[in-house]
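Below you'll find the structure, written out as structure tokens, and then a few comments.
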Amino acid sequence: MAKRLILRGGGGVAASLPPLARTEASAALRPDFQIEIIGDPHDLRARLKATLDGGAATLFQRPGWLSSWYATVGAAQGAEPLLVLVSDRNTGRDVMALPLIRNRAGALQTIEFADLGVTDYNAPILGPAAPTSPKAAHALWKRIVKALPEADLIHFRKMPASVQGRPNPLVLLRSVHPCPSPGFSVSVPGEWEAYLRSLSKKFRKELGRSLRLFEEAGNAQFSQIDDVEEARRVLEIMNDQQRRRLKEMGYEHVLDEGDYQAFYSKLVTDGLKEGTTVLTVLRAGDALVAALLGVTDGASFAMVRLSHAGGDWMRIGPGRLVIERTMQMLHARGCRHFDFTIGDYPYKSGFGVEPSPLFDLVSAQSWRGQRSAARDLVKAKVKRTLDAIGISLVPKTVRERYRQYHSSSSAPEAASEP
């Protein structure tokens, strides 16, 4: 059931006004926040769509992604949905929406974004009245915290500094610190050929070689999958390819679990119909050589999953090639921003990506939360210090396996992104 609260904030007026007029003017200027918390999963998609109209959001906070997530991963893992909607009653304008959950992590009750390891970026959906200054952001945040249900810890991870060019109010808060992993993206505003010429000569040569070897394989084609049933079959093959590749590297394939598979299946089923999900493949005869899954709003595209067949196909760099083919296809349709998301994989550098910092927010709400928040902040500070002096906490055996894996392949992008 929805929870509605009306919270009133403060504002300033000219000191020259008489007391009564000053009081009336102050009341008119004060934002009269209406904070509504939606906990019914059936209401989420419609409310998200209404909030997004005229608002700004990353591709991971759009209705298709979030409604699929709440219905699958969130539901399977017992997370309590908390869609926080904030508006200004005086003006009727939307302030922001926060797609959150309340979840139990051990002994702690936490409030976090709808993520649980699936979502690359977490951010509010910004309305026209979203605050843009630290002071205004802090005032609004205090009221949001009061409206949230009881928890030990509020922990927001992987937040971008801006959302579609607008400042993220949550990053302006005092309890924010840098996230260990940045995002990576590239903009291609001009002609595609001009973009290719901007890349290194070595990388362009590798792309040309990849395409030539792929075409020499016979009956080779690049295509976009539009049929839902075919897309589901491709997802099954992607799961198998990623499972085998990660097993070779000694990692567990967590996306192979049922709730994650259900999420991607629903994302593809709904997204292909709406045009918000893109699935592309490289095929040679009956063999699926590589596949790329991403989400888009037409102007931007974010890569979500990448897989390839491995084996003898490694010599042509199939992952690199399916990315380049997909980018060129979408660029011809007007897409200009390509987000490679999180993960410092070596292959990304060849595409000319730039890193974008991400931020975490930790706010303790109880003594249990204070202990956990203190540990998280110390760990983050230690990691930043060690990174600054070139010391890695990754075990030597893992680093050696990673080095051998990449040096053994002619394709620097060979690592599958989970």
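Being in contact (Cβ under 8 Å) with a residue 60 or more places away in the chain, at positive phi and surrounded by fewer than 19 Cβ atoms within 10 Å (Cβ to Cβ) is a property that GLY311 lacks.
When ALA147 is tested against (1) over 29 Å from LEU330 (Cα atoms); (2) under 23 Å from the mean Cα position of the chain (by Cα), only condition (2) is not met. Scanning the stretch 197-236 for residues that are open to solvent by less than 60 Å² (accessible area, probe 1.4 Å), in a helix (DSSP H, G or I) and within 19 Å of LEU282 (Cβ to Cβ) gives PHE203, GLU206, LEU207, GLY208, SER210, LEU211, LEU213, PHE214, GLU230, ALA231, VAL234, LEU235. Taken together, ALA364, ALA291, ALA302 contain a single residue that is crowded, with 18+ Cβ neighbours inside 10 Å and more than 21 Å from the chain's Cα centre (by Cα), which is ALA364. Number of residues in the stretch 161-175 that are open to solvent by less than 40 Å² (accessible area, probe 1.4 Å) and within 16 Å of the chain's Cα centre (by Cα): the value is 4.
What about LEU267, is it modelled with pLDDT of 95 or more and part of a helix (DSSP H, G or I)? Spell out the reasoning first.
Values: modelled with pLDDT of 95 or more: yes; part of a helix (DSSP H, G or I): yes.
So LEU267 passes the test.
Would you confirm whether any residue within the stretch 341-359 is over 13 Å from SER185 (Cβ atoms), open to solvent by less than 20 Å² (accessible area, probe 1.4 Å) and part of a loop (DSSP other than H, G, I, E, B)? Show your work before the answer.
First, the residues of the stretch 341-359 that are over 13 Å from SER185 (Cβ atoms): 344-347, 350, 359.
Checking which are open to solvent by less than 20 Å² (accessible area, probe 1.4 Å) leaves us with 347, 350.
Next, from what is left, pick out any that are part of a loop (DSSP other than H, G, I, E, B): none.
No, that holds for no residue.
Looking at the stretch 127-134, is at least one residue open to solvent by 20 Å² or more (accessible area, probe 1.4 Å), closer than 21 Å to SER356 by Cβ and in contact with a helix residue (DSSP H, G or I) (Cβ under 8 Å, 6 or more places away or on another chain)? Yes: one or more hits.
Give me the residue from the stretch 176-208 that is within 21 Å of the chain's Cα centre (by Cα) and at pLDDT below 95 and, out of that set, nearest to LEU361 (Cα to Cα). Walk me through it before giving the result.
Initial filter on the stretch 176-208 (within 21 Å of the chain's Cα centre (by Cα)): 176-188.
From what's left, at pLDDT below 95: 176-182.
Details: VAL176: 4, HIS177: 6, PRO178: 9, CYS179: 9, PRO180: 13, SER181: 14, PRO182: 15 Å.
Among them, the one singled out is VAL176.
A search for C-beta distances below 8 Å between a residue of the stretch 333-347 that is of a type outside the set (Asp, Glu) and any residue that is open to solvent by 50 Å² or more (accessible area, probe 1.4 Å) and outside any loop (DSSP other than H, G, I, E, B), counting only pairs 6+ apart in sequence or on different chains, returns ARG336/SER187; HIS337/SER187; PHE338/SER187. Applying the criterion of at least 1 residues that are among the aliphatic types (A, V, I, L, M) and either out of contact with any strand residue (DSSP E or B) (no Cβ under 7 Å at 6 or more places or on another chain) or at positive phi (or both) to the strands (runs of 3 or more DSSP E) found wholly in the stretch 110-196 leaves an empty list. Would you mind stating whether ASP120 is open to solvent by 10 Å² or more (accessible area, probe 1.4 Å), of a type outside the set (S, T, N, Q) and under 25 Å from SER356 (Cβ atoms)? Spelling it out, ASP120 is indeed open to solvent by 10 Å² or more (accessible area, probe 1.4 Å), of a type outside the set (S, T, N, Q) and under 25 Å from SER356 (Cβ atoms). Tell me, which residue of the stretch 41-93 that is of a type in the set (Asp, Glu) and within 18 Å of ALA129 (Cβ to Cβ) is most open to solvent (accessible area, probe 1.4 Å)? Checking each candidate, the answer is ASP53.
The values are calculated or read from the model by the stated rules, or taken from the named source; none is laboratory data. In this text the structure is predicted, and so the values were computed from the model without any measurement. Counting neighbours? That spans all protein chains shown, and the Cβs are built from the backbone with ideal geometry, glycine included. With ligands, DNA and RNA removed, areas are computed over all heavy atoms of the protein, side chains included. Shrake-Rupley method; radii C 1.70, N 1.55, O 1.52, S 1.80 Å.
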